Structure formats: C-alpha cells, structure tokens
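The structure appears right after this line, and notes come after that.
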Amino acid sequence: MTSTIASNWPARGFMLAGLVNIVGILVVTQGLQSPTLSSADPAVFSFFGLLMIMVWGLAYLAAAPFASQSVAIPLVFAIEKLAYTVAWLLWRSNTTPETLEAIVENDVLGGLFMSSYGINDGLFMVFFLAVAVVNYRRSRQRN
C-alpha cells in the first residue's frame, strides 16, 4: 500500500531533514559568506564541507518519495548523521566555554549553531534509524 508524501511521516521527515540542511546552512552562514563555522571547525565546515552538507540535504529530498520503501537509504543517512554528531561531540569536548562565548559574541547565529548542531544531527540520526527499522519490519512481514 503506497501513501502520498503528505500522509507519509518518513517522507515528511526526509523533507524536513533536507530543508534543515540546505536552508539552515544558508541562513547560518549568511549565504555562505560568514567565516564563523569554517573558523570554528575547519575540518567539518570548510567551504567544500558546507556545500556537501547541502548536497546531503538534496539527497534527503530526492529520497523522500522512497522513504517508506527502503531500509538501506535511511540507514546510510543515520550513519551520516552519526558522523556529524560524533564530530560535534569531539569539537565540544575540545572547545572551552570561553571560546564558545567568543564565537557567540562575534556571530550569534554561528555560535548558536556550533553550540547545538550535534543535537539536531543526533535527533535526525534517531529518526533515520527508526525509519530503517520500521521499513525492515514491514519488509519482513511481506515476505
């Protein structure tokens, strides 16, 4: 039984994840003009890294129509979100409160983003993992 995207919670979540990645990066970096993220964590947020975050967003949007049918796609997305969550945890553990305060003072949006992006990615990781599990269980029931 196929449902429309409007009534399909996995598809809506995929679309939200895509929009958060694309619009979020464009807003926080002021149209890729602000150096705050790349200065704070150049390994993750180089210009290329920012572009790749938006490409992941496009991948979530492109996969939305298939969100309720695949196990592998949401599992890969969960692993990707795990990588960003771990990167954030490592950055946070190596960043002093004073450094974080300085980032916020210099760029409120950038500082808030650096303070919390891992929480967002962790929640989307759980979402994608849940979709993979639900889809796996559905596929087992059909067989």
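The values are calculated or read from the model by the stated rules, or taken from the named source; none is laboratory data. All values reported here derive from a predicted model rather than from experimental measurement. Here the Cβ positions follow ideal geometry from the backbone for every residue, glycine too, while neighbour counts run over all protein chains shown.
Against the list (1) surrounded by 13 or more Cβ atoms within 10 Å (Cβ to Cβ); (2) within 16 Å of G24 (Cβ to Cβ), the condition S46 fails is (2). Of the residues in segment 89-100, none is assigned to a helix (DSSP H, G or I), among the aromatic types (F, W, Y) and closer than 19 Å to N8 by Cα.
Which residue pairs have Cβ atoms closer than 8 Å, lie 6 or more positions apart in sequence or on different chains, and pair a first residue in segment 58-70 that is in contact (Cβ under 8 Å) with a residue 12 or more places away in the chain with a second residue that is crowded, with 20+ Cβ neighbours inside 10 Å and of a type in the set (F, W, Y)? Between residues of segment 58-70 that are in contact (Cβ under 8 Å) with a residue 12 or more places away in the chain and residues that are crowded, with 20+ Cβ neighbours inside 10 Å and of a type in the set (F, W, Y), the close pairs are A59/F77; Y60/F14; Y60/F77; L61/F14; A63/F14; A63/F77; A64/F14; A67/F14. Could you please find all residues in segment 29-53 being under 14 Å from the mean Cα position of the chain (by Cα) and under 23 Å from R92 (Cβ atoms)? If the condition is that a residue be under 14 Å from the mean Cα position of the chain (by Cα) and under 23 Å from R92 (Cβ atoms), then V44, F45, G49, L50, M52, I53 are the ones that fit. When the residues of segment 97-123 are filtered to those that are of a type in the set (S, T, Y) and either closer than 25 Å to I79 by Cα or touching a Phe, Trp or Tyr at 6+ places or on another chain (Cβ under 8 Å) (or both), the one that is surrounded by the fewest Cβ atoms within 10 Å (Cβ to Cβ) is S116.
Of the helices (runs of 4 or more DSSP H) contained entirely in segment 3-72, those carrying at least 3 residues that are over 30 Å from R142 (Cβ atoms) and among the aliphatic types (A, V, I, L, M) fall at 9-28, 47-63.
What is the residue count in segment 91-140 for residues that are among the hydroxyl-bearing types (S, T, Y), under 30 Å from S68 (Cα atoms), more than 16 Å from the chain's Cα centre (by Cα) and at pLDDT 95 or above? Explain how you work it out, then say what you get.
Keep residues of segment 91-140 that are among the hydroxyl-bearing types (S, T, Y), which gives 93, 95-96, 99, 115-117, 136, 139.
If we keep only those that are under 30 Å from S68 (Cα atoms) too, we end up with 116-117, 136, 139.
Now narrow it down to the ones that are more than 16 Å from the chain's Cα centre (by Cα): 136, 139.
Retained after the next criterion (residues that are at pLDDT 95 or above): 136.
Within segment 91-140, residues that are among the hydroxyl-bearing types (S, T, Y), under 30 Å from S68 (Cα atoms), more than 16 Å from the chain's Cα centre (by Cα) and at pLDDT 95 or above number 1.
Of all residues in segment 16-40, those satisfying the criterion of being surrounded by fewer than 19 Cβ atoms within 10 Å (Cβ to Cβ) and under 23 Å from A78 (Cα atoms) are L16, L19, V20, I22, V23, G24, L26.
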